[in-house]
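This report concerns only the one structure given below.
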Amino acid sequence: MTQSVVISGTGLWTPELSITNDELVASFNEYVTRYNQRHAGEIEAGELAALTPSNSAFIEKASGIKQRYVLDREGILDPDRLCPNIPERGDDEISVQAEIAVKAARQALDNAGLTAADLDAVLVACSNMQRAYPAMAVEVQKELGMNHGWGYDMNVACSSATFGIQAALDAVRNGSARRVLMVNPEICSGHLAWQDRDCHFIFGDVATAVIVERAEDAVGHLQWEILGTRLQTQFSNNIRNNFGFLNRAAPEGIGARDKLFCQEGRKVFKEVCPMVAAQIASHLDDLEVPVPDIRRMWLHQANLNMNDFIARKVLGRPATREEAPVILDDYANTSSAGSIIAFHKYNGDLPVGSKGVICSFGAGYSIGSVVVSRVA
Ligand code: COA
């Protein structure tokens, strides 16, 4: 018989600082004014294109985003910098990414009624790792005070958390771990081109955590059995970031625009939404879970119009906010953490027996769906 496995706890760490669209647009537009003044001669001579201002109303309409949480406001809002200030730390200090991962992890452990000693494994699953090695997961393992077990980092961009849940489920099923902590410390402010009008509003920072364990071991007050996971990848250049360790071997490209997040937003929208809706539908079908039994879809939080499209395709009618909760208005796109924030905030109100889908999608392309049923 297949081992029954549950999500027995989740955690969320939210930065104290936030930036509204109006604040972001004001500093961006000041940058545009200064740039255009500085290059007035070249612009006049037709040698350089003038930059165009951004607009809060556009941002909210195109994305649904109203604000974002960030590790640092000052650097992002400085028109001469437009990049967070996150000072380097010494090797004897905890790294920033491990620190926020640990904060979310502790909350998830509390919610699952566990301590770090109960864990066997740590997966750090997110879009960017702040260093090449040692793995962030091994640092999180140490900081939590685990003196046994193993950890590794994995990156499937915005789908890292659902792929991480499947990796955790596989580990629990195959016996390589009894309990796995899967964390998503996303410092998206570090890979966003805050100077790029087309995307400067998209991302925010956060950390989320999920505990996956055997149902028979779980003691948490809120437990969701994992009925099935499904992963899909299909190569695309439409979301891409060429930052990497080989950049120094081609120094002419260092600092170029392609070394930060780049996307063809329209193409992503058009290509990914139908793939996501089809995956959720076929996944539910294969699990013999009728669509009307799905009480909630905790979707990746990149764009409200994308989520409305996907939910409508799956349900055959528009979804209510209760059926497809929205957190991107508050958090913006937090990459892999988005669907987990939605799940964390909006699952406890559903009665035992309720079914739902956690679903992420993004660069790769990558799509992950996790169908769950509340059991406690
Ligand atoms: N302020 C004002 N106007 C802006 C603007 C800004 N910040 N950015 C773009 N515009 C303008 C463009 O110049 C364009 O004007 P035009 O029609 O006169 O040429 C118009 O708005 C539409 O631009 P476009 O880039 O096509 O916008 P969009 O409606 O596709 O919305 C995204 C942009 C990024 C919100 C949208 O494509 C999207 O969310 N895609 C999903 C992809 C995603 O979020 N992926 C993340 C990883 S999953």
request  = Principal axes first, then extents: for the Cα atoms of region 86-174, list largest minus smallest coordinate on each axis, whole Å, largest first.
outcome  = 40, 27, 21
query = Can you give me the relative contact order of region 287-368 as a percent, contacts being Cα pairs under 8 Å and 6 or more apart?
reply = 40
ask   = Solvent-accessible area per residue for region 1-71 at a 1.4 Å probe radius, Å²?
value = 53
query = Taking the Cα-to-Cβ direction at residue 350 and at residue 93 and moving 7 Å from each Cα, how far apart do the two end points lie in nm?
reply = 4.1
Region 282-376 - convex hull of alpha carbons, volume per residue in Å³ = 98
ask   = Past the 21 Å Cα-Cα mark, which pairs from 66/259; 66/345; 103/142?
value = 66/259
inquiry  = Run the numbers for residue 34 and residue 48: contour at 0.36 nm per residue of separation, minus the present Cα-Cα distance, in nm.
reply    = 3.6 nm
ask   = If each Cα of region 267-317 is one equal point scatterer, what is log10 of I(q)/I(0) from the Debye formula at q = 0.30, 0.31 Å⁻¹?
value = -1.29, -1.34
inquiry  = Could you tell me the calculated FRET efficiency between residue 271 and residue 322, based on Cβ-Cβ distance and R0 = 45 angstrom, to the nearest 0.05?
reply    = 0.95
remark   = Within the set 349, 308, 196, GNM on the chain using Cα springs under 10 Å gives the largest fluctuation to 349
ask   = Based on Cα positions only, what radius of gyration and what Dmax would you give for the chain, in angstroms?
value = 20.9, 74
message = Compute the distance from the alpha-carbon center of region 171-239 to that of region 240-272, in whole Å.
response = 22
key: Given charges at beta-carbon only (K, R positive; D, E negative), |dipole| of the chain in Debye   = 860
remark   = Semi-axes a, b, c in Å (a largest) for region 177-256, each sqrt of 5 times a Cα gyration tensor eigenvalue, come to 37, 16, 14
inquiry  = Out of the total accessible area of the chain (probe 1.4 Å, heavy atoms of protein only), what percent is carbon and sulfur?
reply    = 50
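The values are calculated or read from the model by the stated rules, or taken from the named source; none is laboratory data. Keep in mind it's a predicted model, so treat the numbers as computed, not measured. So basically every Cβ, Gly included, is an ideal-geometry build from the backbone, and we count neighbours across all protein chains shown. SASA here: full protein model, heavy atoms, side chains in, ligands and nucleic acids out. Shrake-Rupley method; radii C 1.70, N 1.55, O 1.52, S 1.80 Å.
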